[in-house]
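I have placed the structure first, in the form of structure tokens, so that the comments after it can refer back to it.
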Amino acid sequence: MEKDMESLKEKFHKKIASIKDREELQRIRNEYIGRKGIVAQMLKNITLLSSEEKPRVGELLNRIKRDFQKAIAEKDREFLTEKPVEEKIDITIPGKDFMLGTIHPIELILKATEDIFLGMGFCIVDGPEVELDYYNFEALNIPKDHPARDDQDSFYITPDILLRTQTSPMQVRIMENQPPPVRIISAGKCYRRDSIDNTHTPMFHQIEGLAVDKDISMADLKGVIIEFCKQIFGKDRITRFRPGYFPFVEPGVEVDVSCGLCKGKGCQSCGYSGWLEIMGAGMVHPHVLEMAGYNAQKYTGFAFGMGAERIAMLKYGINDIRLFFENDLRFLTQFK
Ligand SMILES: [Zn+2]
């Protein structure tokens with residue numbers, strides 16, 4: 001029996017030395033000193049021994065049990081002290097960089113434009129991007145067979161519903177719902193089936209303006225546009241108006257600002273003309289007023305529309321419209 005005990009001790013210590021985790025340690029604890037473990041079994045068998053042997057063997061077994069308990073406790077402490085070492089925090093390592101976002105240049109232009117016109121007594125309205133053919137074309141004096149439709153081929157959902165090609169439908173929607181006077185700005189996304197190049201994308205942003213009241217004249221239109229150009233491009237820029245054709249205004253004008261690079265002398269960026277075209281505008285066509293339910297004998301108005309991308313490109317000196325939509329952070333983070 002004493003020999004058995006020696007080999008048991010040897011086996012136990014070998015196992016303890018090779019275990020790798022606390023789970024394994026728990027298994028060995030149960031196997032050797034658990035309630036139904038090897039030592040417990042041997043203690044039970046003592047009853048079979050003679051009365052002289054009983055105390056000595058009992059004493060030996062108890063010593064072995066204490067030896068095992070001590071070894072297990074030591075191993076357990078080893079595992080416990082190892083863990084915090086793995087989790088040690090090195091406070092000298094530099095922290096993770098937190099990136100601060102910037103506002104998209106188009107959004108900057110939309111907000112700046114809205115602020116300028118709010119200052120002149122306009123209010124901001126929002127319109128649907130999925131629009132009826134009626135509002136996008138017909139009510140703006142562009143019937144089904146009008147050649148002006150060729151320049152604005154769109155994405156049709158049904159023959160009568162399309163993605164709006166301009167923000168101008170809001171002119172009609174507002175006039176249908178409110179009596180004059182009207183002074184609104186409406187900005188948002190528009191869609192046309194244009195091929196992508198450095199000045200065209202199938203989705204772009206327009207800013208639309210409309211003012212209708214008694215005695216509104218071309219002078220009011222000019223005053224408002226000149227003030228806008230000075231505020232957005234700078235006080236030193238000159239604004240010029242040229243005759244232009246748009247079906248929903250009469251007369252119509254195209255608006256240019258003097259080139260900021262050459263100060264109007266002519267350079268590559270302005271095509272050596274000294275001027276940069278920025279928007280179309282004009283006095284609201286009497287047909288449009290009548291179709292919206294206004295009395296064109298009593299009321300007059302002016303309207304204008306411009307591309308936000310175009311304004312941003314001229315203001316910030318950007319030569320490719322695609323940069324706005326490619327999500328290149330090197331480009332976007334320049335606008336703070
Ligand atoms: Zn120039």
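A short reminder: the numbers here are calculations on the coordinates, not readings from a lab. Bear in mind that the values here come from a model prediction, so they are computed numbers and not experimental data. So basically every Cβ, Gly included, is an ideal-geometry build from the backbone, and we count neighbours across all protein chains shown.
General remarks:
- Built from the Cα atoms of the range 171-320, the convex hull projects on average onto 9.2 nm², one quarter of its surface area.
- Taking the C-alpha atoms only, the angle from helix 2-18 to the longest principal axis of the chain is near 20 degrees.
- Size of charge dipole - the chain - debye, nearest 20, with Cβ of Lys, Arg +1 and Asp, Glu -1, no other charges: 2040 debye
- Kirkwood Rh, angstrom, the range 2-86 [1 / mean 1/r, Cα pairs]: 13.9 Å
- Neighbour-count order for Ser217, Ser18, fewest beta carbons within 10 angstrom listed first: Ser18, Ser217
- Using C-alpha pairs under 8 Å with a sequence gap of at least 6, the mean separation divided by the residue count of the range 105-332 gives a relative contact order of 21 percent.
- Selection from Ser273, Ile238, Leu60, by position along the positive dipole direction of the chain (Cβ): Leu60
- Given R0 = 22 Å, the distance between the Cβ atoms of Asn177 and Glu290 translates into a calculated FRET efficiency of 0.85.
- The chain - convex hull of the alpha-carbon atoms, volume per residue in Å³: 278 Å³
- The lysine pair tally for the range 90-229, using Cα distances under 26 Å and a gap of 8 or more places or different chains, is 5.
- R0 of 35 Å, Cβ-Cβ distance Asp220-Thr102: FRET efficiency to nearest 0.05: 0.45
- Rg/Rh for the range 107-208, where both radii come from Cα atoms and Rh is the Kirkwood radius: 0.99
- Cα long-axis angle, helix 22-33 against the chain (0 to 90 degrees, to the nearest 10): 20 degrees
- Reducing the range 4-59 and the range 283-336 to their Cα centroids gives an inter-centroid distance of 89 Å.
- Cβ-derived FRET efficiency at R0 56 Å, Arg27 paired with Lys336, nearest 0.05: 0.35
- Size of electric dipole in the range 120-251: Cβ of Lys, Arg +1 and of Asp, Glu -1, about Cα centre, debye, nearest 20: 540 debye
- Lys/Arg +1, Asp/Glu -1 at C-beta; the chain dipole; positive extreme among Thr167, Ala312, Pro94: Pro94
- Here the simple spin-label model places points 7 Å from the Cα toward Cβ, and for Ile91 and Leu329 these points are separated by 2.9 nm.
- Overall shape: prolate for the range 50-109, with the ratio a/c of the largest to smallest alpha carbon gyration tensor axis at 1.5 or above and a/b above b/c.
- Helical contribution to [θ] at 222 nm, DSSP H n ≥ 4, -39,500 (n - 2.57), averaged over the chain, rounded to 500: -12500 deg cm²/dmol
- Listed peptides 222-230, 111-119 by packing density, highest first (mean Cβ within 10 Å): 222-230, 111-119
- Highest average first, the peptides 41-54, 152-165, 247-260 ordered by how many other beta carbon atoms sit within 10 Å of their residues are 247-260, 152-165, 41-54.
- Total lysine pairs whose alpha carbons fall under 14 Å of each other in the range 2-86 (8 or more apart, or interchain): 13
- Cα-projected label distance for Ile46 with Asp145, points at 7 Å along beta-carbon direction, nm: 11.8 nm
- Relative contact order, whole percent, for the range 2-86 stands at 33, derived from Cα pairs under 8 Å and 6 or more residues apart.
- Axis of helix 105-119 versus longest Cα principal axis of the chain: the two differ by about 50°, to the nearest ten degrees.
- Within the shell of other residues whose beta carbon sits under 13 angstrom from the beta carbon of Ser154, the net charge comes to -3, with Lys and Arg scored +1 and Asp and Glu -1.
- Peptides 195-201, 206-212, 297-303 ranked from most to least packed by the mean count of surrounding Cβ atoms within 10 Å: 206-212, 297-303, 195-201.
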